[in-house]
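> Quick one: this structure, given as structure tokens, is what I'll be asking you about.
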Amino acid sequence: MDLPAKYDPSLTEDKWYSYWLKNNFFHSEPDDREAYTIVIPPPNVTGVLHMGHMLNNTIQDVLIRRARMLGKNACWVPGTDHASIATEAKVVAKLKTEGIEKTDISRDEFLKHAWEWKEKHGGIILEQLKKLGASCDWERTKFTMDEDLSSSVVNTFVYFYKKGWIYRGVRMVNWDPEGQTAVSDEEVIRKETPSKLFYLKYFISENGKTTDKFIVIATTRPETIMADTAICVHPLDERYNWLKGKRVLIPLINKEIPVIEDDYVSMDFGTGCLKITPAHDINDYEIGLRHKLPVIDILDKYAKLNDKAQILIGEERFAARRKIVKMLAEAGNLEKEEPYTSQIGYSERTNAVIEPRLSLQWFLKMNEAAENALKYVESDQIRLIPDKYKNTYRHWMENVHDWCISRQLWWGQRIPAWYLPNGEFVVESNKEEALKAAQKINPELSVSDLQQDNDVLDTWFSSWLWPISVFDAGKPGFPDREPNKELAYYYPTNDLVTAPEILFFWVARMVMAGHEFCGGLPFRNVYLTGTVRDKSGRKMSKSLGNSPDPIKLMENFGADGVRVGMLLCSSAGTDILFDESQVEQGRNFSNKIWNAFRLIKSWQVDDSLTTSPQNKVAVEWFDSLLSQSIETMNDHFEKFRLSDSLMLLYKLFWDDFCAWYLEIIKPVQGGAMDKGTHEATLVYFDKLLKLLHPFMPFITEELWQNLSNTKDGESIMILKQPKAEKYSTDLILNVEQAKATIVNIRSIRQSKSISPKEPLSLYIKGDFSEALYCIIKKMANINAIKPYSEKEESLNGSSFMVGTVEFFLPLGNLVNKDDEITRIESEIKHLEGFLVAVNKKLSNEKFVANASKDVVEMEYKKQSDAMTKISKLTQLKRELKK
RNA sequence: GGGAGCAUAGCUCAGUUGGUUUAGAGCAUCUGCCUUACAAGCAGAGGGUCGGGGGUUCGACUCCCUCUACUCCCACCA
């Protein structure tokens, strides 16, 4: 028996993880037990583990391990997301380093590279999750672009198209002229950029002729004036009454455009007069729609001026800006220019200035789906934890926009629309079906006449099927069919653990898909984690470099330590400000458990010994406390108060089990322990390990295996959680009273510099369980406890009270009477203040009349207790003054 | 600009339909201890009047209003 004094996680974690895998403990098959299912929020296939994943997956693992130990058939389905934008960007970047441009290779060639990349780098993150102890059913690992999952996605598109929910329409996208692609809003980085505001004169036209009257319009983009299709003022702007209904001429090209009125215009910005350029600004586009303005697109896909611009054709937009300003100045149209700083969008990938560009996209109508999805949450069929997110959820569902589901990328599920030579299109799940449909339009057509849409679907269009498609995907006819055995058993899933940022992107859409394809909810509880931030509250990010490497962290502190450190400070929905000291605390806790084990293991048992009174009472007490704690812990879990649950266990183990229970029963130096106490202690330790297992899987397995004479194939992780038995609240309270007494004695010892080794005697008066005297004797080193009546008046010492029980500790001349008096006086003062507050309540007739009986009775008890204490303390003071 | 949320010890947070001893925990701090399970430890102690103001109530950290600070979401101004 020579266990080291420090727990070394590196010696146990990998060992037990492979043991669990070897024994297939994580795997689940449908059976007659109740199912408990979690699907992982699939991380990006090319992603690496960050602290957000750590928190999120720790929570999932705690839930799944606990469910497993509650006897449920627990199934945690892992997998990854193809993350089209992020992954494609990575592949493009990688090809670039090899001197290959995406534009130079074919779609098929590109996809070949992308799959190679995926095979090579994909799923690193899943391997990293194993270090954390994640008990995922790895046999069920899925990828959103697995063949069967992809075919679900395609079928879903066809389904909604035929239902009339999917349509094609024009929309303004964020165009990256360098990357030659549209990018999502999330990939546009807005940066404060100094630019200039140009004040341009637009002359009024009368009967097609220029007048000398003009208006001034402020713009940051003079190179787009050729695409202007109107001038806009606020309808209530009296300054421009004279202008309303008139027409003006675009400078340089002298094109006549109307003056319109729209309340979008702010009267107090610029000149209160706005040029409308529908093709090159999202707001202008919307105003254009309202006023049925024509759209003139003067920029090509390289953001160079095209022939519609009439002038400066072929010039790049910024060069054109410089030139046109000069031209405008020469023509007398430039009134002034002033410096101006505005938020300009840049492409995350190429850093090119984003150009708003109109293009044809695919959309999914959301109104009806959102209405359905809202009902589940409003009626609490789906619980959001914390429920403050219900508001946010409702707000979004009531203001939902149609969902743009097309992306100008290659990596993803290609839109199953086929174009006929005449521009018509058909939507079918494959080319053969498409041809049949096309031939209904034109029987002459052959396969080679069909051109499939170049775009792929938004990644969320595959992830919203995730809880369904991981169990049952891809078969013909999806979604119109009966569930298979797996789906029928595991679905709906139980809990979903995810970040609030994707409540709409993902969670709400899964609810929609669940309703549409399975006629019900996809999960019952949605636990929303907070964002992991650094100590000063900044979001952890690669670019800030403020995120610790989770793998290093686990190497340094152990996976259990990291799990505990994160969970202790994270309640649902609140951000966690991460600091290494938290993980240190987790590591220290591991070590505490380890050393408690070392102590217990070191004890020699002597069968002939009878159980001492203090051991007997300690065993009874801890039995009660354990049951009470289990009850509270279960309640915490029901409410998803995971950190409270863990904190409860932390204190139960550290304070009650180690600092009190083990210290009480600890044999005196070199002594042996009686059998009964030893056995009870082993049972308690075993139960504590089981309670701790969901939070700290590795150390609990290690110690449990060490404690029990296990055979291969046994494990703590598949055993049942201990249940709460009947317990005595009185006993728990009495021991609390004894603990308070002991703390008082220790405190007096320290303030008087009396060594803990020096035995003292104690006098007691009041209602105190004699059965606990033995504990006080052992824990406070008291050699005799005597009734107050035996105390000689002349005795010097220190008095204190616990509740209404009086204690006296004889200390001879160590005690200074004046100090004692001062201490007692301050205590009396405190009690008197307290009594005043209580009396005030009780003398208030309205309080006595209105407050509930229990509350009033409690106040009376407070009053009498306080009065008793005051009188006793006053008595003591008087005695001391003699 | 619109919407939501939060504000409790030095730090991170609890405080569960307003009422059980004039607010709890963990960490940190301070004091004393290397007491053979653990110094990643043991024993003890100090510390807040619940962001400011107003209101409802017999009673408010808890409900309402308002101001302030911060955070998030959405829309962003030519």
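> Write down the Kirkwood hydrodynamic radius of region A:676-828, to one decimal in angstroms, obtained as one divided by the mean of 1/r over all alpha carbon pairs. Numbers along the way, then the final one.
On the way: mean 1/r = 0.0531 Å⁻¹.
Here the Kirkwood hydrodynamic radius works out to 18.8 Å.
> Hey, what number do you get for chain A at 222 nm if only DSSP H runs of n ≥ 4 count, each worth -39500 (n - 2.57), divided across all residues, to the nearest 500? Write down the numbers at each step before the final one.
Values: 27 runs with 363 residues, N = 882.
Result for chain A, helices only: -13000 deg cm²/dmol.
> Could I ask something else about it? Taking only the alpha-carbon positions of region A:729-807 and ignoring solvent, what does the Debye formula give for the base-10 log of I(q)/I(0) at q = 0.14, 0.16, 0.24, 0.26 Å⁻¹?
Treating every Cα as an identical point scatterer, log10 I(q)/I(0) equals -0.43, -0.56, -1.29, -1.48.
> Classify region A:115-156: rounded, prolate or oblate, from the alpha-carbon gyration tensor (a ≥ b ≥ c, eigenvalue square roots; a/c under 1.5 rounded; otherwise prolate if a/b is larger than b/c)? Mind dumping the intermediate values first?
Details: a/c = 3.65, a/b = 1.62, b/c = 2.26.
Oblate, since a/c reaches 1.5 and b/c is not below a/b.
> Distance check, please: which entries in A:Lys162/A:Lys431; A:Lys616/A:Lys791; A:Lys131/A:Lys485; A:Lys592/A:Lys666 exceed 20 angstrom between their Cα atoms?
On the way: A:Lys162/A:Lys431 17 Å; A:Lys616/A:Lys791 30 Å; A:Lys131/A:Lys485 32 Å; A:Lys592/A:Lys666 16 Å.
Listed pairs above 20 Å: A:Lys616/A:Lys791; A:Lys131/A:Lys485.
> Something else about it: Given the pairs A:Lys739/A:Lys841; A:Lys196/A:Lys539; A:Lys765/A:Lys840; A:Lys201/A:Lys323, which span a C-alpha to C-alpha distance of over 21 angstrom in this model? Working shown, then result.
Working: A:Lys739/A:Lys841 32 Å; A:Lys196/A:Lys539 33 Å; A:Lys765/A:Lys840 30 Å; A:Lys201/A:Lys323 17 Å.
Those over the limit are A:Lys739/A:Lys841; A:Lys196/A:Lys539; A:Lys765/A:Lys840.
> Could you pull out which residues in region A:4-37 have an amide N less than 17 Å from a spot 7 Å beyond the Cα of A:Ser708, following the Cα-Cβ vector?
A:16-17, A:19-21, A:23-26
> Calculate the translational D of region A:756-855 in whole µm² s⁻¹ from Stokes-Einstein, where the hydrodynamic radius comes from the Kirkwood formula applied to all Cα pairs, the temperature is 37 °C and the viscosity 0.692 mPa s. If you can, show how the numbers build up before the last one.
Working: Rh = 16.3 Å.
Answer, rounded: 201 µm²/s.
> List the residues, sorted by chain then number, that are 5 or more residues from A:Lys213 or on another chain and whose placed amide H is less than 5 Å from its amide H.
A:Ile204
> Heavy atoms only, probe 1.4 Å: what % of the accessible area of chain A goes to carbon and sulfur, would you let me know?
Values: 20160 of 40560 Å².
Answer for chain A is 50 percent, counting heavy atoms of protein chains only.
> Here's something else I'd like to know. Which whole-Hz couplings ³J(HN,Hα) result when phi for each residue of region A:433-447 is put into the Karplus expression 6.51 cos²θ - 1.76 cosθ + 1.60, θ = phi - 60°, listed in order with x for Gly and Pro?
4, 4, 5, 4, 5, 5, 5, 5, 7, 9, x, 6, 5, 10, 3
> Work out how far the C-alpha atoms of region A:117-261 reach from end to end along every principal axis, then list the three figures in whole Å, largest first.
Here the Cα extents, ordered largest to smallest, are 79, 43, 30 Å.
> Full extension from A:Met267 to A:Thr392: what is 0.36 nm times the residue separation minus their Cα-Cα distance, to one decimal in nm? Walk me through the numbers before you get to the answer.
Details: separation 125, 0.36 × 125 = 45.00 nm, distance 3.23 nm.
Answer, rounded to one decimal: 41.8 nm.
> Over the residues of region A:33-124, compute the C-alpha Rg and express it relative to 2.2 N^0.38 Å.
1.47
> Among A:Phe800, A:Tyr527, A:Trp76, whose Cα sits farthest toward the positive end of the charge dipole of chain A (+1 at Cβ of Lys/Arg, -1 at Cβ of Asp/Glu, about the Cα centre)?
Ranked along the dipole, the leading option is A:Phe800.
> Compute the long axis of helix A:51-69 from its Cα atoms, compare it with the longest principal axis of the Cα atoms of chain A, and write down the angle in degrees, 0 to 90, nearest 10.
Helix A:51-69 sits at roughly 60 degrees to that axis.
> To the nearest 0.05, what FRET efficiency results for A:Ala851 and A:Asp635 with a Förster distance of 25 Å applied to their C-beta separation? Intermediate values should be presented prior to the final figure.
Values: r = 27 Å, r/R0 = 1.08.
Calculated value: 0.40.
> Any idea what the alpha-carbon Rg over 2.2 N^0.38 Å comes to for region A:374-462?
Working: Rg = 19.8 Å, N = 89, 2.2 N^0.38 = 12.1 Å.
That ratio works out to 1.63.
> Could you sort A:813-820, A:6-13, A:459-466 so that the peptide with the highest average Cβ count within 10 Å comes first and the rest follow in order? Please report the intermediate quantities before stating the final value.
Details: A:813-820: 12.9, A:6-13: 17.0, A:459-466: 25.4.
Per-residue mean Cβ counts within 10 Å order the peptides as A:459-466, A:6-13, A:813-820.
> Would you mind working out the accessible area per residue for chain A, using a 1.4 Å probe, and quoting it in Å²? The partial results should precede the final answer.
Working: 40560 Å² over 882 residues.
Heavy-atom accessible area per residue stands at 46 Å².
> What shape does region A:151-193 take by its C-alpha gyration tensor, where a ≥ b ≥ c are the square roots of the eigenvalues and a/c under 1.5 counts as rounded, a/b above b/c as prolate, and the rest as oblate? Let's see the in-between values first.
Numbers: a/c = 3.07, a/b = 2.58, b/c = 1.19.
Since a/c reaches 1.5 and a/b is larger than b/c, the shape of region A:151-193 is classed as prolate.
> Rounded to the nearest 0.05, what FRET efficiency do A:Glu139 and A:Asp108 give with R0 = 22 Å and r taken as the Cβ-Cβ distance? Could you check? Mind dumping the intermediate values first?
Values: r = 31 Å, r/R0 = 1.43.
Using R0 = 22 Å, I get an efficiency of 0.10.
> From the gyration tensor of the Cα coordinates in region A:410-477, what semi-axes in whole Å does the equivalent ellipsoid have, largest first, with each one equal to sqrt(5λ)?
Details: eigenvalues 149, 39, 12 Å².
Sorted largest first and rounded, they come to 27, 14, 8 Å.
> Within region A:286-329, what residues put their amide N at less than 18 Å from the label point 7 Å along the Cα-to-Cβ vector of A:Lys96?
The answer is A:302-303.
> Across region A:326-338, in residue order, what do the Karplus-derived ³J(HN,Hα) couplings come to in whole Hz, using 6.51 cos²θ - 1.76 cosθ + 1.60 with θ = phi - 60° and x for Gly and Pro?
Here the 3J(HN,Hα) series is 4, 5, 5, 5, 5, 7, x, 9, 9, 7, 7, 9, 9 Hz.
> When ranked by the protection proxy of mean other Cβ atoms within 10 Å per residue, highest first, what sequence do the peptides A:785-791, A:125-131, A:692-698 form?
Details: A:785-791: 12.1, A:125-131: 19.1, A:692-698: 25.9.
Highest mean packing first, the order is A:692-698, A:125-131, A:785-791.
> Let me ask another. Given the Cα atoms of region A:365-513, and with Rh set as the inverse mean 1/r over their pairs in the Kirkwood sense, what is Rg to Rh to two decimals? Spell out each step's value before the answer.
Details: Rg = 18.8 Å, Rh = 17.8 Å.
Using Cα coordinates only, the ratio equals 1.05.
> Along each of its three principal axes, how wide is the spread of alpha-carbon positions in region A:15-65, in whole angstrom units, largest first?
Ordered largest first, region A:15-65 gives principal extents of 36, 27, 20 Å.
> Sort A:754-763, A:75-84, A:292-301, A:137-146 for me by packing, meaning the mean count of neighbouring Cβ atoms within 10 Å per residue, highest on top.
A:75-84, A:137-146, A:292-301, A:754-763
> What is the projected area of the convex hull of the Cα atoms of region A:586-713, averaged over all directions, in nm²? Walk me through the intermediate numbers first.
Details: hull surface 33.6 nm².
Average projection, Cα convex hull of region A:586-713: 8.4 nm².
> Calculate the tail of P(r) for region A:362-421: the fraction of all Cα-Cα distances greater than 20 Å, expressed in %.
Values: 829 of 1770 pairs.
In whole percent, the share of Cα-Cα pairs in region A:362-421 beyond 20 Å is 47.
> Now, a different point. Assign one of three labels to region A:674-752, namely rounded, prolate or oblate, based on the Cα gyration tensor with a ≥ b ≥ c the square roots of its eigenvalues; rounded applies when a/c is under 1.5, prolate when it is not and a/b is larger than b/c, and oblate otherwise. Kindly include the intermediate steps, with their values, before the conclusion.
Working: a/c = 2.54, a/b = 2.12, b/c = 1.20.
Verdict is prolate for region A:674-752.
> For the Cα atoms of chain A, what angle does the longest principal axis make with the long axis of helix A:613-638, in degrees from 0 to 90, nearest 10?
20 degrees
> Counting pairs of Cα atoms in chain A, how many percent are more than 46 Å apart? Numbers along the way, then the final one.
Working: 186651 of 388521 pairs.
In whole percent, the long-distance tail amounts to 48.
> Now for a different question. Run a plain Debye calculation on region A:190-248 (Cα atoms as equal point scatterers, no solvent) and give log10 I(q)/I(0) at q = 0.21 Å⁻¹, rounded to two decimals, same order as the q list.
One equal scatterer on each Cα of region A:190-248 leads to -0.95.
> Run the simple label-point estimate for A:Asn351 and A:Glu620 please: 7 Å along Cα→C-beta, distance reported in nm.
Simple spin-label model gives 7.6 nm for this pair.
The values are calculated or read from the model by the stated rules, or taken from the named source; none is laboratory data. Given the structure is predicted, the values throughout are model-derived calculations rather than measurements. Here the Cβ is made from the backbone with ideal geometry for all residues, glycine too, and neighbour counts use every protein chain on show. The protein model used for the area step is the full one, side chains on, heavy atoms only, and it has no ligands, DNA or RNA in it. Shrake-Rupley method; radii C 1.70, N 1.55, O 1.52, S 1.80 Å.
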